Amino acid sequence: MNPLQEDMESALTGSQSPHASLRDVHSINPTHLMARIESYEGREKKGISDVRRTFCLFVTFDLLFVTLLWIIELNVNGGIENTLEKEVVQYDYYSSYFDIFLLAVFRFKVLILAYAVCRLRHWWAIALTTAVTSAFLLAKVILSKLFSQGAFGYVLPIISFLLAWIETWFLDFKVLPQEAEEENRLLIVHDASERAALIPGGLSDGQFYSPPESEAGSEEEAEEKQDSEKPLLEL
């Protein structure tokens, strides 16, 4: 192969590489990117994510479940009116369950205000409620006389303690990480859409069309045919 042919082939291969890169860039579908952006923005317009809504429902369940157990305890120990007056009006830290109910109300108000109304994306609120709940219940179990009052002396403190720590686990390992992943995906999609918008839309694959290569030896065959036709023309 002569040097001229080598230069021509190197030029052809060099011209094909930018064409291929342009085709790769145009393979990005802006319509698909915009659809994904709209889907993420639609989730944001809901006001609250699905996983955060589930967390708020669980916080509400915490309050309702502790309230139900407390009402059952009031009925078991001599009727709601008499026991309610004894535990609320004549409150005694060592024998009353009313403070455990107030503790559930405290958790509900703080967590709903922080993570549903204010949409907080930090763990300090759940850390506060869990720390207060754990410290209060441990002190009450050690100092009070709940264990001498039947099964509810065990059930109410244990249930309240477990629900507080389940809420902490759910927020720290489910709500906050999933919302962070959604934000990262949205940023990636926005970045890709901005890059696609910088690509000129007038380019198409037809502009990079190159004719098929001629078969080897075709020029030599054409020259031989012309040489064979010359004697016939002279005759």
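Of the residues F108, F58, F65, only one is open to solvent by less than 90 Å² (accessible area, probe 1.4 Å), touching a Ser or Thr at 6+ places or on another chain (Cβ under 8 Å), assigned to a helix (DSSP H, G or I) and within 16 Å of I166 (Cα to Cα); which? Exactly one residue qualifies, and that residue is F108.
Checked against (1) part of a helix (DSSP H, G or I); (2) modelled with pLDDT of 85 or more; (3) open to solvent by 70 Å² or more (accessible area, probe 1.4 Å), Q16 passes all but condition (2). Check segment 129-148 and report whether any residue there is under 19 Å from R52 (Cα atoms) and either surrounded by 13 or more Cβ atoms within 10 Å (Cβ to Cβ) or of a type in the set (F, W, Y) (or both). Yes, that holds for at least one residue.
Of the conditions (1) free of Cβ contacts under 8 Å to residues at least 12 places away in the same chain; (2) under 18 Å from I158 (Cβ atoms), G79 satisfies every one except a single condition; which number is it? Just one mismatch for G79, condition (2).
The values are calculated or read from the model by the stated rules, or taken from the named source; none is laboratory data. As the structure is a computational prediction, the values presented were derived from the model and not from experiment. FYI the Cβ positions are ideal-geometry reconstructions off the backbone, even for glycines, and counts take in every protein chain you see. To get the accessible areas, we keep the full protein, side chains included, count just its heavy atoms, and leave off ligands, DNA and RNA. Shrake-Rupley method; radii C 1.70, N 1.55, O 1.52, S 1.80 Å.
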